[in-house]
Amino acid sequence: MTEQQFETDVMALLRAPLSGPDGVRRLNSLKTAFQAVDDPALALKLYERLSTPDASDALATAFNTRVSPSARNDLLAILTAVKGAAPKPEPRSQQYRLVDEDAKTVRTIAHSDPEYQERFVNHNISNVTSDPNPNTFEFHTMVVYYDDGRKLELSLDDVPVRTSIPGMRLVRLKPYEPPIIDHYVRRNGTIIPMNARDEMMLNGSTTPDLVDFRTTIEFNIRRRHELLELAMLTNTFAGYVGMNVSFLHFSMATGSEPGGLFVQAMKPGPPKKPVGAPPSVTPRLPKQYKQVGARELLIWEKEGGHLLGRHNEHLTETKLLERVVGEKKLAVPPSETNGQPTNFSVWRGQGKTKAASRWRDQDTMMKAIGQIIHDNIDEIRTTTAGGKEWVRENKAVGYETGGGWLKKVYKNPNDQVLDKGVFWDEHLKGVTIVIRPRQNHVPTAEDPEPWFVYTAFPDRVQH
């Protein structure tokens with residue numbers, strides 16, 4: 001048995017589950033691995049290495065954090081029993097100052113103390129969840145659950161991500177800091193390492209499991225952002241809407257398994273209060289409206305809007321024609337005999353919800369909607385604040401917005417309908433938009449506007 005072989009075998013066992021029948025089998029396998037060491041020099045070296053916690057030694061760290069104190073003593077005794085091995089007296093564990101916020105006292109604690117082993121923030125983690133803000137779909141916190149029922153909520157900014165993940169490029173959220181622990185704090189039953197500035201020291205050396213969980217959460221957030229961008233390009237937005245926009249309203253849970261970290265989708269729990277300003281405080285609204293982006297589009301869909309699913313750029317002429325009921329398709333665009341400009345509008349049926357037009361592309365859609373909102377933001381806020389819709393029809397924007405089926409009715413001088421139908425126009429230059437007040441909306445600094453875009457689609461400019 002070589003030191004390298006011992007380290008490989010033991011590290012593999014230490015990654016196994018920590019409790020239940022599997023835990024008993026793992027302990028027996030560990031004893032077998034320790035009993036395989038028959039070289040006195042190697043036994044002494046391993047004893048000295050494992051009996052003293054060392055954050056720079058992965059094997060010593062795993063042994064002292066993943067094995068109970070009684071089991072560690074039994075395993076170390078196997079090494080001391082090797083004939084010819086004469087270990088040095090076990091050094092006294094270093095004592096650290098512990099600020100016990102629960103008991104409102106200050107005392108000392110050592111890494112070998114059972115209290116530290118059971119309640120250190122990186123030990124005995126059951127799973128970790130991260131829930132998005134229900135209004136913005138952004139992630140701000142992670143909740144750590146422990147085997148004994150404790151839980152600890154941390155800001156995502158408090159735990160760094162690893163500098164790299166296979167297939168991903170990540171940046172550090174916090175600058176690197178040497179793992180020099182000044183003292184510990186016991187807070188809500190959990191022991192947390194602190195530096196001399198009384199700041200939490202959660203990093204790859206002091207809390208490697210927490211960093212793994214945080215990195216996995218970051219990985220999932222970035223993957224979902226990539227899927228969102230892909231949806232914008234391929235217009236699978238319609239599919240997202242069909243599955244309910246809960247695609248971005250999910251919980252992420254992470255835990256430990258022999259194969260490494262895993263992430264699973266969990267059923268959304270009861271709604272949480274939005275992160276941000278309290279309801280009693282009204283966030284200051286910007287004087288000018290910012291540019292419309294993917295986040296706004298999804299928020300509007302969640303509120304009941306449908307501009308993405310019903311007017312996206314990938315809808316074909318044939319698909320849009322299926323919405324047109326009771327009208328025949330005209331072969332060529334009709335014209336007036338008197339030479340006056342004609343006023344056609346996109347076919348809408350009995351309202352605006354099934355308007356038969358599509359946007360030229362996603363960029364044009366966001367540009368046109370943002371332009372109209374920007375130019376009319378004060379009026380929009382005043383109208384929707386009174387509980388009313390704000391509507392603009394056939395609004396010119398100065399550039400092509402998309403294509404659609406236009407309706408035309410032929411009448412005689414006595415106003416009798418002679419013929420009617422629809423024809424396709426690929427060069428619309430106007431927009432019809434409907435904005436509604438949001439029901440039961442709690443304004444926050446991240447999502448302050450009390451209205452949403454119910455629908456917006458390309459239309460013909462009226463002359």
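What follows is calculated from the coordinates using simple rules that are stated; it is not laboratory data. Keep in mind that this is a model prediction, so the values were computed, not measured. Positions of Cβ are generated from backbone atoms using ideal geometry, with glycine treated the same way; all protein chains shown enter the neighbour counts.
Summarising the amide proton neighbourhood of residue 461: residues at separation of 5 or more, or on other chains, whose placed amide H is nearer than 5 Å comprise 429, 430. Among 317-330, 425-438, sorting by the average number of other beta carbon atoms lying within 10 angstrom of each residue, highest first, gives 425-438, 317-330. Remark on residue 96: its backbone amide H falls under 5 Å from those of 109, 110, a criterion applied only to residues 5 or more positions apart or on other chains, H modelled at 1.01 Å from N. Peptides 35-47, 294-306, ordered by how many other C-beta atoms sit within 10 Å of their residues on average, highest first, read 294-306, 35-47.
In this structure, the amide hydrogen of residue 354, modeled 1.01 Å from its nitrogen in the peptide plane, lies closer than 5 angstrom to no residue at least 5 positions away or on a different chain.
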